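The values are calculated or read from the model by the stated rules, or taken from the named source; none is laboratory data. None of the values given here were measured: they were computed from a predicted structure. Neighbour counts run over all protein chains shown; Cβ positions are idealised from the backbone, glycine included. Side chains are part of the model used for accessible areas, which takes the heavy atoms of the whole protein and leaves out ligands, DNA and RNA. Shrake-Rupley method; radii C 1.70, N 1.55, O 1.52, S 1.80 Å.
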Amino acid sequence: ISSSCCAHNEVLTWNCYEQVELKVDSVKSEKANPFKQLLPTQNPPKHGRALAMERIAGTVHKRMKEIFENMEHVGMVGERACVFRSGDDIYLMDLRVVMREAAYQRIVRGECSSTLTFSEPPRIADLCEVALGIPGVWEPSDGDKQEIRTALVDCLVKHRPVLQEVGIVITTEGKVTSLPRVWNGFVPSLEHLPLALLRIGSDVPWEAGDTSELVYRTLATELSSLYTPIGSTCDPAPPDPSSPMSTFYPASILPSLKGTFMPPTQLTKGTSLVKLTNISALHTTFERSHCTI
């Protein structure tokens, strides 16, 4: 073989190698990576809890946040309203609305440090029976009560992992063993537990997936209803210094509202927070009254 022929063969061999490489590359570009599911994705989907937390941060009202950060407790108005001072302004706050929103945020962020354990865990089926007996909750056209009870038990037992993430612990036998302790020193009204569990089973969009944002937001919303004071903001009864709320609110709720609470823009609507007056106006009123006397 001549040197030129060897050189020619070398060139042909090299060209063939390039063609093979190009062919393999073209096949790879058209075929899905068979190892994709084994490798971590660059942008993994966010968990529903993380998305719910982002939504809370995205809807915060900055001015109202400053008001809550500088609040100083003045006194209670019945069991479900209080007066506080922030800067030179004095406000009346609906505890029912604000505590529920704050409880919702604490549940979403996982700030419930401990749980409330039942000495005798109630059966979900029994709680469902109580809920269905509340006027206006169930009608014959809604279906058989026994079927509803069975479906509720199956639903909550099936979704035990996500319920436990928010502090609701349920056994495989369908019993509730504990609830989250959202506020230190506050025991939720258990008379509202049956309806809350029924709504968690029926109103939470479980079909969206346990890790979806919608599931977490709806679940936290229903659960937060247990952690609000009972009574009416229109109750004309004077404040009772011995009332549990009179001591509980300044000790447990106030620090949370001053700290991590992110008041949403929707609280600016309605009567959840009403500015009553400011210190300058009070001083002017007192001075006029003094001059009149």
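Scanning the stretch 153-207 for residues that are at positive phi, crowded, with 16+ Cβ neighbours inside 10 Å and modelled with pLDDT under 95 gives a single hit, GLY167. In the condition set (1) open to solvent by 20 Å² or more (accessible area, probe 1.4 Å); (2) part of a helix (DSSP H, G or I); (3) modelled with pLDDT of 90 or more; (4) among the aliphatic types (A, V, I, L, M), ALA251 is compliant with all but (3).
When the criteria are applied in full, THR268 fails the requirement of being at pLDDT 85 or above and within 17 Å of ILE107 (Cβ to Cβ).
Taken over the stretch 125-168, the residue count meeting the criterion of being of a type in the set (A, V, I, L, M) and in contact with a Pro (Cβ under 6 Å, 6 or more places away or on another chain) is 3. Under the condition of being part of a helix (DSSP H, G or I) and either touching a residue at least 40 places away in the same chain (Cβ under 8 Å) or of a type in the set (A, V, I, L, M) (or both), the residues counted in the stretch 159-179 number 4. Would you say PRO229 is open to solvent by 80 Å² or more (accessible area, probe 1.4 Å) and either assigned to a loop (DSSP other than H, G, I, E, B) or modelled with pLDDT of 95 or more (or both)? Here the answer is no, as PRO229 does not meet what is asked. Scanning the stretch 73-89 for residues that are closer than 14 Å to ASN278 by Cβ and in contact with a strand residue (DSSP E or B) (Cβ under 6 Å, 6 or more places away or on another chain) turns up VAL74, VAL83, PHE84, ARG85, SER86, ASP88, ASP89.
Residues in the stretch 274-283: is at least one modelled with pLDDT of 85 or more, in contact with a helix residue (DSSP H, G or I) (Cβ under 8 Å, 6 or more places away or on another chain) and either among the charged types (D, E, K, R) or open to solvent by 80 Å² or more (accessible area, probe 1.4 Å) (or both)? Within the stretch 274-283 (the criterion being modelled with pLDDT of 85 or more, in contact with a helix residue (DSSP H, G or I) (Cβ under 8 Å, 6 or more places away or on another chain) and either among the charged types (D, E, K, R) or open to solvent by 80 Å² or more (accessible area, probe 1.4 Å) (or both)), the answer is no, since none of the residues qualifies. Within the stretch 132-149, the residues that satisfy the criterion of being open to solvent by 60 Å² or more (accessible area, probe 1.4 Å) and part of a helix (DSSP H, G or I) are PRO140, SER141, ASP142, GLN146, GLU147. Only strands (runs of 3 or more DSSP E) whose full extent lies in the stretch 75-131 are considered here, and the ones with at least 3 residues that are touching a Leu at 6+ places or on another chain (Cβ under 9 Å) and surrounded by fewer than 20 Cβ atoms within 10 Å (Cβ to Cβ) are 89-94, 115-117.
Within the stretch 50-66, restricting attention to residues that are outside any loop (DSSP other than H, G, I, E, B) and over 20 Å from GLY110 (Cα atoms), the residue that is least open to solvent (accessible area, probe 1.4 Å) is MET64.
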